[in-house]
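Report on one structure; see the data block that follows.
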Amino acid sequence: MSSPTECFTGASKNTVAKLLNDVGLVCAEYHDKTVRNLRCKRVQVDEVWSFTYAKQRDVADAKSAPDGAGDTWTWTAIDADTKLAVSWLVGARNSQCAFQFLNDVALRMDGRVRLTSDVLKSYAEAVDAAFEGRVDYGQLVKIYGTRI
């Protein structure tokens, strides 16, 4: 029985997957080379949770879980005005990834930037080292409650 991908494209799903991977690599290389010397005024950073192969709590019981299985976080930096994806990083939700991510964001900037994050401690620890004083940094705290 053919998969929907095979029926729709006339190519095997492995061929389509390889093509998507190849295109993704070229796009990432293009972004890395061209998204530089940005004069962004306001950049917002956040991280999005997903999982690879199985959720972290289920990895120990999973059959043949590969290395890297479990929780996966995509760190994102978005220009608040243009919605340009300044940078992203896929990895763990830890200080090491925060430093790597914010260093990349800082290297793409030309001039001072206003950076906003949530209250994840790793951001506060990494922002000064990454931007070396070329940043106005604030954390956005959301408070939820019943409406009066």
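Structure data summary
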quantity	calculated
Output for the stretch 123-148, where each listed residue is of a type in the set (Ser, Thr, Tyr) and modelled with pLDDT of 95 or more	TYR123, TYR137
Candidates SER64, SER2, SER50 - the one that is within 28 Å of ASP118 (Cα to Cα), free of Cβ contacts under 8 Å to residues at least 60 places away in the same chain and surrounded by fewer than 11 Cβ atoms within 10 Å (Cβ to Cβ)	SER50
Test result for SER50, more than 26 Å from ARG134 (Cα to Cα), at pLDDT below 95 and out of contact with any Leu (no Cβ under 7 Å at 6 or more places or on another chain)	no
Unmet criterion (only one of (1) free of Cβ contacts under 8 Å to residues at least 60 places away in the same chain; (2) assigned to a helix (DSSP H, G or I)) for TYR123	(1)
Selected residue [of a type in the set (A, V, I, L, M, F, W, C) and within 17 Å of the chain's Cα centre (by Cα)] from ALA65, ALA126, ALA69, ALA60	ALA126
Pair list, Cβ < 6 Å and 6+ apart or interchain, from the stretch 101-115 residues that are touching a residue at least 60 places away in the same chain (Cβ under 8 Å) to residues that are surrounded by fewer than 17 Cβ atoms within 10 Å (Cβ to Cβ) and among the polar types (S, T, N, Q)	ASP110/ASN37
Criterion: out of contact with any Phe, Trp or Tyr (no Cβ under 9 Å at 6 or more places or on another chain) and at pLDDT 95 or above - qualifying residue of ALA85, ALA77	ALA85
Any hit, the stretch 5-13, residues being of a type in the set (D, E, K, R), touching a residue at least 60 places away in the same chain (Cβ under 8 Å) and surrounded by fewer than 15 Cβ atoms within 10 Å (Cβ to Cβ)	no
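The values are calculated or read from the model by the stated rules, or taken from the named source; none is laboratory data. The shown structure was predicted, so the numbers you read here are calculated from the model rather than taken from an experiment. Heads up, the Cβs are rebuilt from the backbone with ideal geometry, glycines too, and the neighbour counts pull from every protein chain shown.
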